[in-house]
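Here the structure comes first, spelled out in structure tokens, and everything after it is commentary.
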Amino acid sequence: MAWFDDLLFTYQNLAVALGVNGLLALSMYVVLAVGQLSLGQAAFMGLGAYSSALMSLQLGWPFWAVLPLSCVVPVLFALAVGGPTLRLNGVYLAIATIGLGEVLRGVYLNVDVLGGAMGLSGIPEAAPLWLIYAMLALAVLVLWQVGKSGIGRAMEAMRLDETAALSMGVNIRRYRLATLCASAVLAGLAGALSAHSTDFIGPNDFGFEPAVTILSFALLGGIGSPFAPVLGAWLLTLLPEVLRPLADVRLVMNGAVIVVAVLFLPRGLLAWRMPRHVRPGRAA
Amino acid sequence: MLLQTSALSRHFAGLVAVDRVDLAIPQGGIHAVIGPNGAGKTTLFNLISGLATPTAGQISFAGQDITLLPADRRAQAGMARTFQNIRVFATMSVLDNALTGLHARLSASLPAIIARLPGFRRAERDAIARAQAALALVGLQDRAYTQAGALAYGDQRRLEIARAMAGGPRLLLLDEPAAGMNPAERAALATLIRAIAAQGTTVLLVEHDMPFVMGLSDSVTVLNFGRRIFAGPPGAARQDPGVIEAYIGHKAAVRLAGQAP
């Protein structure tokens, strides 16, 4: 039954990737929802992955203690980076957050205890698959509830017109910092869960390329509801598997799908927006 | 005084947009800041609402010095405004726009929001009722579920007023509310502004349309080249030689004075 084990192994990896990428897409969604463009999601994921791996490998702590702590580390970085950079808008914040990712990559490469270019291996595979999906479901639920509340309204208002939102009493700076922290929690969670299901992490897993991939999840899916970016992540995770027979032109097809989606579906594949209020008299 | 500015100035590089302006707006009534185009009216409004920071001078609101208070805190303190160029949240529903005006009044905790605790539900129901009342005030109650961007121009202007009024502000700032309106719409707007003032909200509006302001306001402040050149009742503004000169120019003012009986 070697072929069956093989199959299970392959799909186990895919199942982990779908869950983890779903969380990463939500991490991107939270920032885009207030109109900010941050490319620090991969960096936050790396912080979660490395800090959780160190806690498991060096300190031998149990996974249930490691998981929450690995969300705290990226938040500390988000707070440190957020203070000075959240004054920046548009592409400038994106550049600053790419900088964070590159600096951290340099640190991972050059600090011995972080494994250098070889990365860290032998991480206990302590994250069960059900936990990954439970976390994803929880994240979708929380973002759905918050999105439908006054907080979601303020977030959408500030994405549409910052000046008007400010004049309505929305504390723009606080919302930006809070969403960056929420984004760091989700990415850190994804990093810790992925590190503890794949046994190995390396510095290049969290560089510029994954940062752009995470952005494309949300671009493809859309940001009308928390379901949209997850859908985008799932499609972009499945697509390379489905296109595997195409071999060399696989990445070309992958890119073409993104270009076509951005050109023809500017609001994403799932343009449906979560309803905040139902007209009275209609079935609720 | 509900709102007071003293020697308020704003410089843009070499340009003095607002020059040592003293403004005193009492509680209640309708007050106007008028002046020719480029007189500094909108800059003064941005200074008052906190979207611009003054180069010098002070602003106090309801007895509190708010010179350094950020715009969102001023909104929370009971100041609401509309914009000269419409700034409704176009892809949100009309009701959601009005609800945004209540932002400062909603303070549910995150756990209450996520678990939909009774406190959150009650606050949200209450907010919707207030938002609906604000929409009814401007006559948009039947459009609550329409997308704001799909409303006609005049309706978008009224939605901005509803959004500003939803939170029950003490001071409503209207930046050129009659811009782009026809005479019938202007008359309806004047009625609406009177109704707002009758509810107890103090109204401060910026306009360059003199006739619209004259019939509506209890007091008028006239700006020209960033300076205050007149403050007093509207009737006196019409007679004031400085104001006449600012509007029609020096030569014409002299000619007009010569023709006077």
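Per-residue counts of other Cβ atoms within 10 Å, averaged by peptide: what ranking do you get for B:151-159, A:164-172, A:143-151, highest first?
Values: B:151-159: 18.6, A:164-172: 24.7, A:143-151: 20.4.
Highest-to-lowest ranking by the protection proxy: A:164-172, A:143-151, B:151-159.
Excluding B:GLY180 itself, calculate the net charge of residues whose Cβ lies under 14 Å from the Cβ of B:GLY180, where each Lys or Arg counts +1 and each Asp or Glu counts -1. With Lys, Arg at +1 and Asp, Glu at -1, the net is -4.
For chain A, compute Rg over Rh where Rg is the Cα radius of gyration and Rh is the Kirkwood radius from the inverse mean 1/r over Cα pairs. Let's see the in-between values first.
On the way: Rg = 19.1 Å, Rh = 19.5 Å.
Here Rg/Rh amounts to 0.98.
Here the dipole of chain B is about 360 debye; that uses its Cα centre as origin and unit charges on the Cβ of Lys and Arg (positive) and Asp and Glu (negative).
Computing FRET efficiency as 1/(1 + (r/R0)^6) for A:LEU265 and B:ARG227, where r is the C-beta to C-beta distance and R0 is 41 Å, gives about 0.15. With a Förster radius of 60 Å applied to the C-beta separation of B:ASP22 and A:TRP144, the computed FRET efficiency comes to 0.70. With one equal scatterer per alpha carbon and no solvent term, the Debye-computed log10 I(q)/I(0) for the protein assembly as shown at 0.05, 0.06, 0.09 1/Å reads -0.28, -0.39, -0.76. Once the dipole of the stretch B:90-167 is set up with Lys and Arg at +1 and Asp and Glu at -1 on Cβ about the Cα centre, which of B:ALA104, B:ALA144, B:PHE120 lies farthest towards its positive end? The residue sitting farthest along the positive end of the dipole is B:PHE120. Taking Lys and Arg as +1 and Asp and Glu as -1, the other residues whose beta-carbon sits under 13 Å from that of B:ARG10 total +2. Label 7 Å along Cα→Cβ of B:THR91; the stretch A:233-276 residues with amide nitrogen under 11 Å? Correct set: A:266-268, A:271-274.
Quick one: check the C-alpha center-to-center distance for the stretch A:109-135 versus the stretch B:67-109, whole angstrom. Between the Cα centres of the stretch A:109-135 and the stretch B:67-109 lies a distance of 45 Å.
Scoring A:182-192, A:47-57, A:205-215, B:59-69 by mean Cβ neighbours within 10 Å over their residues and listing the highest first yields A:182-192, A:47-57, A:205-215, B:59-69.
What helices does chain A hold that run 27 Å or longer along their axis, going by alpha-carbon atoms, with a Kyte-Doolittle average of -1.0 or more, using DSSP H for the helix calls? Mind showing how you got there, number by number?
Working: long enough: A:2-32 (45 Å, 1.25); A:63-85 (33 Å, 1.81); A:90-110 (31 Å, 1.14); A:129-148 (29 Å, 1.82); A:172-198 (39 Å, 0.75).
Flagged H segments are A:2-32, A:63-85, A:90-110, A:129-148, A:172-198.
Computed over chain A with a Gaussian network model linking Cα atoms closer than 10 Å, the most mobile of A:ARG267, A:ARG87, A:ARG105 is A:ARG87. Among B:ARG170, B:ARG20, B:ARG73, the residue with the largest mean-square fluctuation in a Gaussian network model of chain B, with springs joining Cα atoms closer than 10 Å, is B:ARG73. Across the options B:SER217, A:ALA15, A:ALA33, the greatest Cα extent toward the positive end of the charge dipole of the protein assembly as shown (unit charges at beta carbon of Lys, Arg, Asp, Glu) belongs to B:SER217. Label sites at B:ARG105 and A:VAL91, each approximated as a point 7 angstrom past Cα along Cα to Cβ, lie 4.3 nm apart.
Set the Förster distance to 45 Å, then compute FRET efficiency between B:MET1 and B:GLN147 from the Cβ-Cβ distance, nearest 0.05. It would help to have the intermediate numbers written out before the result.
On the way: r = 41 Å, r/R0 = 0.90.
The formula returns an efficiency of 0.65 here.
Taken along its principal axes, the alpha carbon cloud of the stretch A:1-124 reaches lengths of 57, 32, 27 Å, longest axis first. Segment A:GLU241..A:LEU79, full-extension length gain: 54.6 nm, with 0.36 nm per residue of separation and the alpha-carbon distance subtracted. Which value in Å does the Kirkwood hydrodynamic radius of the stretch B:90-167 take, with 1/r averaged over all unlike C-alpha pairs and then inverted? One over the average 1/r among Cα pairs gives 12.7 Å for the stretch B:90-167. For the residues A:ALA137, A:ALA80, A:ALA233, a GNM of chain A with alpha-carbon springs under 10 Å puts the largest fluctuation on A:ALA80. Electrostatic bookkeeping for A:MET168 treats Lys and Arg as +1 and Asp and Glu as -1; over the other residues with beta carbon under 13 Å from its beta carbon, the sum is +1. Mind checking the log10 I(q)/I(0) for chain B at q = 0.07 Å⁻¹? Debye, one equal scatterer per Cα, no solvent, two decimals. For chain B, the Cα-only Debye profile gives -0.27.
Placing unit charges on the Cβ atoms only, positive for Lys and Arg and negative for Asp and Glu, gives the stretch B:96-158 a dipole magnitude near 160 debye about its Cα centre.
Throughout, read-outs are computed from the coordinates displayed, never taken from laboratory work. These figures come from a predicted structure and were not determined experimentally. Methodologically, a virtual Cβ is constructed for each residue, glycine included, from the backbone with ideal geometry; neighbour enumeration extends over all protein chains shown.
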